[in-house]
Every structure is written in C-alpha cells, then in structure tokens.
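Peer 1: The following block contains the structure, expressed as structure tokens.
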Amino acid sequence: QKEVEQNSGPLSVPEGAIASLNCTYSDRGSQSFFWYRQYSGKSPELIMSIYSNGDKEDGRFTAQLNKASQYVSLLIRDSQPSDSATYLCAWGYSSASKIIFGSGTRLSIRP
Amino acid sequence: EAGVTQSPTHLIKTRGQQATLRCSPISGHTSVYWYQQALGLGLQFLLWYDEGEERNRGNFPPRFSGRQFPNYSSELNVNALELEDSALYLCASSPRVTSFGGYTFGSGTRLTVV
C-alpha cells in the first residue's frame, strides 16, 4: 500500500469554480500534513499545513483533515488559471523529520 | 532572507561518472533534506542531515551519499552514474524544532546522465 494516495488527474475545473483535491495516507502516526504546489519545471512550494482535525482556511485555500478516516483534502475557491499546477499532498511527524509525498494531482483551470 | 540555494542549476554527466550537488539551507535551519524527482514521478526521499549527522535514508543504493558541513550546508554525491539517475534533485531545509512547519525547497539541480 502506498503511503500517500492521490488521484493523478488531470483534474479540469472551470475558472471561478471550486477545485477539490483529495489525499489518503496510511500511517496513523502522522501528525503534520501539507499541501505543496508545483508549477512545471519549478520546485514545490508549501501552500498549506494542517495539524488538527477540521478545516483551516487561508485566502482562497481551505485544507481539511480527518485523522479517523486518514483523509486530507484541499479546496481552492474561485479557481484562477494561475492555479493550474501539480498539487502534492504530504505528511510528516511532529518533530522535524522526512516528509512523505504523494505523486501529485495535476489541476487544470480552463477559462 | 535568502532562501535555500542549490548549485549547479544544471549538470550533464556521462554514465559511470560521479556527480556532486550542493545545497545551502536558510540561515538558522539545521536540517537539510534531499529528494529525487524523476520525470513524471513524485518526490522520493533520499537523505536527511541534521547537526552534521545522517538521520535518515531513503530506499536508494549506497552510491547515493552525502554529508553536512559545520555551517549546515550539504553535499549530495552520486557515484557510478546510471541513465535512470537523470532527475531533478531538490534540497530542502527546516529548523530543528519540535513543532514541524514543513520544508522550504531550493530551486533544484537538474541532473542529466548521457
């Protein structure tokens, strides 16, 4: 079983709509969860981190965590063409350590 | 504040040669992580260094090695290069604190083995 499962996409969403990205993880000891955005040819950029069950909002982005279901998601409201990228889900432990990444979901926002 | 810096940006090597990649962490960060991202694939964890020590290692052969210097900069060495080592190598750093806020990545080194 993969440690982090993501739908590889591509996920196509019309401009202005809500994009929903999902991720499941296998290690119940996971404490920290992250969403990274990676544009083609660039390095990943941290956009959201979440540690507790529930929702965390930052601008147009909302991360949702459900530890019981081992599920984390990212919602992007009012999607813009500039949101077109690969989104990587990742998890780690509470202390500084390696992060395990999913293979990413390609998101395409169509005008 | 300067971010994570990696050098060189691009590196072309011949199969069987050795490659050396370098990384300077953000000032104050003591942990350095190396990842490999082959074309179309996800990030695969390679190595984690903290306070000069190797803390964890991913599922890679021993010809992938590295070290961390007293100023916390790091070097990744890949010996006996193979064609499948062609990838984007990413370095990240984080502070050594108990509340883990995630990595900041450098811009990467694109290694091409021919």
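Peer 1: Once the dipole of chain B is set up with Lys and Arg at +1 and Asp and Glu at -1 on Cβ about the Cα centre, which of B:Pro25, B:Leu88, B:Tyr35 lies farthest towards its positive end?
Peer 2: Result: B:Leu88, furthest along the dipole toward the positive end.
Peer 1: If we count trypsin sites (Lys or Arg not before Pro) as exposed when they sit in a DSSP loop and have at most 12 other beta carbons within 10 Å, what is the longest stretch of chain A that avoids them all? Don't skip to the end; give the middle numbers.
Peer 2: Numbers: sites that count: A:Lys2, A:Arg28.
Longest gap between qualifying sites, sites excluded: A:29-111.
Peer 1: Let a ≥ b ≥ c be the square roots of the eigenvalues of the Cα gyration tensor of the protein assembly as shown; is it rounded (a/c under 1.5), or, if not, prolate (a/b larger than b/c) or oblate?
Peer 2: On the way: a/c = 1.88, a/b = 1.44, b/c = 1.30.
It comes out prolate by the Cα gyration axes.
Peer 1: Now, a different point. Would you calculate the separation in nanometres between label points at B:Asn77 and A:Lys67, each defined as 7 Å from the Cα along the Cα-to-beta-carbon direction?
Peer 2: Computed distance between label sites B:Asn77 and A:Lys67 equals 4.2 nm.
Peer 1: Still on this model: Taking 0.36 nm per residue of separation and subtracting the Cα-Cα distance, what length does fully extending A:Asp78 through A:Leu11 add? Don't jump to the answer; show the numbers that get you there.
Peer 2: Numbers: separation 67, 0.36 × 67 = 24.12 nm, distance 1.53 nm.
Full-extension gain reported as 22.6 nm.
Peer 1: Right, another one. Relative to the Cα centre, what is the charge dipole magnitude of the protein assembly as shown, using +1 at the beta carbon of each Lys and Arg, -1 at the beta carbon of each Asp and Glu, and rounding to the nearest 20 debye?
Peer 2: Working: 20 positive and 19 negative charges, 61 e Å.
In debye, rounded to 20, the protein assembly as shown gives about 300.
Peer 1: Classify chain B from the C-alpha gyration tensor, please: rounded if a/c falls under 1.5, else prolate or oblate depending on whether a/b exceeds b/c.
Peer 2: Details: a/c = 1.78, a/b = 1.70, b/c = 1.05.
It comes out prolate by the Cα gyration axes.
Peer 1: Within 10 Å of each Cβ of B:32-42, how many other protein chain Cβ atoms are there on average? Don't skip to the answer; put the middle values down first.
Peer 2: Working: counts 0, 4, 1, 5, 0, 6, 0, 0, 3, 2, 14.
Taking the mean over all residues of the peptide, I get 3.
Peer 1: Antiparallel versus total DSSP beta bridges in the protein assembly as shown: what percent is that, nearest 5?
Peer 2: Working: 72 of 80 bridges.
Restricted to the protein assembly as shown, the bridges split so that about 90 percent are antiparallel.
Peer 1: With +1 on each Lys and Arg Cβ and -1 on each Asp and Glu Cβ, how big is the dipole of segment B:61-114 about its Cα centre, in debye rounded to the nearest 20?
Peer 2: Values: 4 positive and 4 negative charges, 46 e Å.
Dipole of segment B:61-114, to the nearest 20 debye: 220 debye.
Peer 1: Determine the dipole magnitude for segment A:19-111: charges of +1 sit on the beta-carbon of Lys and Arg, -1 on that of Asp and Glu, nothing else is charged, the reference point is the Cα centre, and the result goes in debye to the nearest 20.
Peer 2: Computed about the Cα centre, the dipole is about 180 debye.
Only the coordinates and a few stated rules stand behind these numbers; no lab work does. Please read these numbers as outputs of a predicted model, since none were measured by experiment. Because the Cβ atoms are built from the backbone with ideal geometry, glycine has one as well, and the counts that use them run over all protein chains shown.
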